[in-house]
Amino acid sequence: MAPLHVEPDQLFLASRSFWRANYQAIELLASLRVSMLRIELAWSSEKAEEFMAEMRRLVQQLDERCEDLYTMSLILCRQADLWDESDQRWSAIFRELIHP
C-alpha cells in the first residue's frame, strides 16, 4: 500500500473555501427569500400558490445543502487539525530518535 501524504494547510484552505461558499449561499438565499415575499405580495392566483409552494420546497432544499456544506467545512477543519497534530507528534518522535 502506498503511503498517504496529507498537507493540513490544503485541508484548512479547502475548509475555508467551503465556509466562504456557504456564507455566500446563505446571503443569496436571504435575497431569494426577500424576492419571494415581494412576489407573494404582488401576485395572487392559483398559479402563484403553486409557484410559491414549489419555491419554498426548493429553498428548503438549498438551505439543507448549505447546512451540508457548513458541516463539511467543519469536518475538513477537524481533519486538518488531527493531521497537523499527528505530524507534529511524529516530528517530535523523529527528532528524539535522531538527537537523543
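Scanning region 45-78 for residues that are touching a helix residue (DSSP H, G or I) at 6+ places or on another chain (Cβ under 6 Å) and not aliphatic (A, V, I, L, M) returns Cys66, Tyr70, Ser73, Cys77. Could you tell me whether Trp83 is surrounded by 13 or more Cβ atoms within 10 Å (Cβ to Cβ) and within 15 Å of the chain's Cα centre (by Cα)? Spelling it out, it is not the case that Trp83 is surrounded by 13 or more Cβ atoms within 10 Å (Cβ to Cβ) and within 15 Å of the chain's Cα centre (by Cα).
Please work out which residue is farthest from Leu37 (Cα to Cα), limiting yourself to region 49-73 and to residues that are surrounded by 13 or more Cβ atoms within 10 Å (Cβ to Cβ) and of a type in the set (A, V, I, L, M, F, W, C). Out of the qualifying residues, it is Met72.
Against the test of being surrounded by 11 or more Cβ atoms within 10 Å (Cβ to Cβ) and either within 11 Å of the chain's Cα centre (by Cα) or not acidic (Asp, Glu) (or both), the options Leu97, Leu32 yield a single qualifying residue, Leu32.
Do we have any residue at all in region 77-84 that's out of contact with any His (no Cβ under 8 Å at 6 or more places or on another chain), modelled with pLDDT under 95, of a type in the set (Phe, Trp, Tyr) and more than 23 Å from Leu11 (Cα to Cα)? No; the residues of region 77-84 include none that is out of contact with any His (no Cβ under 8 Å at 6 or more places or on another chain), modelled with pLDDT under 95, of a type in the set (Phe, Trp, Tyr) and more than 23 Å from Leu11 (Cα to Cα).
Would you confirm whether or not region 72-79 contains a residue that is among the small types (Gly, Ala, Ser), touching a residue at least 12 places away in the same chain (Cβ under 8 Å) and at negative phi? Yes, there is a match, as at least one residue in region 72-79 is among the small types (Gly, Ala, Ser), touching a residue at least 12 places away in the same chain (Cβ under 8 Å) and at negative phi.
The values are calculated or read from the model by the stated rules, or taken from the named source; none is laboratory data. Predicted model, so just to flag it, every value in this text is computed and none were measured. So basically every Cβ, Gly included, is an ideal-geometry build from the backbone, and we count neighbours across all protein chains shown.
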